[in-house]
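Everything below concerns the one structure shown next.
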Amino acid sequence: MDALDERLIRVSGAGIRREHGELRPGESGPVKADYRVVEQSMTPLEAFRALCAACVRHLEGNRYGALAAADREYLHQMRVALRRLRTAFELFADALPRPVAAELLSELRWLTRALGRARDWDVFLADTLRPLLARHPRHAGLRAMRAACEDLSAEATSVAQRALESRRYYALMRALRALSYGDTPVSPLSAGAPRPLSMRRHALAAMIGKARKRGRKLARLDAGELHRLRKAVRRLRYGLLFLAPLLPEARVRPLAGAVEALQETLGALNDCAVGEELIERARAEARGPQRRKARKLLVKRIAAARAARRGELQAQWEAFRAAEKEWASVEPG
């Protein structure tokens, strides 16, 4: 093991709140990650490898809990790790071999899709259907919808669990570990005189620009356009998270706070859009009386949630614009 590998193990190991890479049976609590693993002295390739190792540990640390379906947070944390890893690939694209990166990104998208629907049902049941049923406990239609949702959720969870136990999953983890610890060939750029890691700040500027472009005419954006804005804002949030150790905290904090608040609201709006789709699926599967009335109650609850979030969105967007303008005004040349 060379000095670089030892340093990567040290910094990536510090980014997880547990001593081991996987959550062992009998342990409790989802694993959350601290991604402050990038160091000023690292090359872009070294920084990517440290982030990739942290993401793998984050994934594996929640795998047992997700398989046991003990707490929906395990699955959520795995999806967070996947999204962050995909952002790391984007942020450090010029430090990686394109064919290797393209293949791994394809596999990461597969795993994200495999876990996604189970998470969608978890959120819908916990945040929409069950609270509504608590207010109308004797509503036959809502009970029928709950039964249908729980069956569909169980199917989606089974799909996710099969993916996490598949050969394809294990092959992906092996490939990511190889990339993390130097067993995968690197691009000519990263093998030669590396670009300074500080130049990743320009990548952040590009992410800010993309988010700003996606948010034009915010009040007129439909669900699909808001979804694209959400993804751009999320990537920016993770980019700031990754590069925060390279920047003064006082400078990062205002923009990071505005981006986080904006992402949360956009995520809630996306949950509303997904929830409408799930209502129709559940209604098609449900059996029993009053399903039409139950659908109306659910749609009304989602509409109210959407209206509340829409009311917050403009102010949060203005806060983001103010923060990113302040960021740009002090950006080093």
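The values are calculated or read from the model by the stated rules, or taken from the named source; none is laboratory data. Computed from a predicted structure; not experimentally measured. Don't worry about glycine lacking a Cβ; one is built from the backbone with ideal geometry, like all the others, and counts go over all protein chains shown. Ligands, DNA and RNA are excluded from the accessible area calculation, which covers all protein heavy atoms including side chains. Shrake-Rupley method; radii C 1.70, N 1.55, O 1.52, S 1.80 Å.
Put simply, when 47-58, 298-309 are sorted by average Cβ atoms within 10 angstrom per residue, most first, you get 47-58, 298-309. Placing a pseudo-label 7 Å from each Cα along the Cα-to-Cβ vector at ARG130 and SER329 gives an inter-label distance of 4.6 nm. The length gained by stretching the chain between ARG216 and ALA140 to full extension, at 0.36 nm per residue less their Cα-Cα distance, is 22.9 nm. Work out the FRET efficiency for ALA308 and GLU103 from their Cβ-Cβ distance, taking R0 = 35 Å, and round it to the nearest 0.05. The pair ALA308/GLU103 has a calculated efficiency of 0.25. Based on the alpha-carbon gyration tensor of the stretch 259-333 and its eigenvalue square roots a ≥ b ≥ c, which shape applies: rounded if a/c is under 1.5, prolate if not and a/b is larger than b/c, or oblate? It is prolate, given that a/c is not under 1.5 and a/b is the larger ratio. Take each peptide in 216-228, 134-146, count the other Cβ atoms within 10 Å of every residue, and average; sorted highest first, the result is 134-146, 216-228. A viscosity of 1.567 mPa s and a temperature of 4 °C, combined with the Kirkwood radius over Cα pairs in Stokes-Einstein, give a translational diffusion coefficient for the chain of 60 µm²/s.
Sum -39500 (n - 2.57) across every DSSP H segment of at least 4 residues in the chain, then divide by the residue count to get the 222 nm mean residue ellipticity, nearest 500.
Details: 12 runs with 244 residues, N = 333.
That calculation yields -25500 deg cm²/dmol at 222 nm.
Counted residue by residue at 0.36 nm each, then reduced by the alpha carbon distance between them, the extension gain from ARG253 to ALA147 reaches 33.7 nm. Sequence-distant contacts, meaning Cα pairs under 8 Å at least 6 residues apart, place the relative contact order of the chain at 21 percent. With springs only between Cα atoms under 10 Å, which of ALA147, ALA250, ALA175 fluctuates most in a Gaussian network model of the chain? Greatest mean-square fluctuation among the candidates belongs to ALA250.
When the solvent-accessible area of the chain is split by element, carbon and sulfur atoms take up 50 percent of it, the probe being 1.4 Å. Peptides 31-42, 252-263 ranked from most to least packed, by the mean per-residue count of other Cβ atoms within 10 Å: 252-263, 31-42. A simple count of charges around ALA171, restricted to other residues whose Cβ falls under 13 Å of its Cβ and scoring Lys, Arg +1 and Asp, Glu -1, yields +1.
Find how much the distance from ALA175 to ALA322 grows on full extension, using 0.36 nm per residue of separation minus their present alpha carbon separation; answer in nm with one decimal.
Values: separation 147, 0.36 × 147 = 52.92 nm, distance 4.13 nm.
So the extension gain works out to 48.8 nm.
With only the Cα atoms considered, the stretch 23-123 has a convex hull volume of 99 Å³ per residue.
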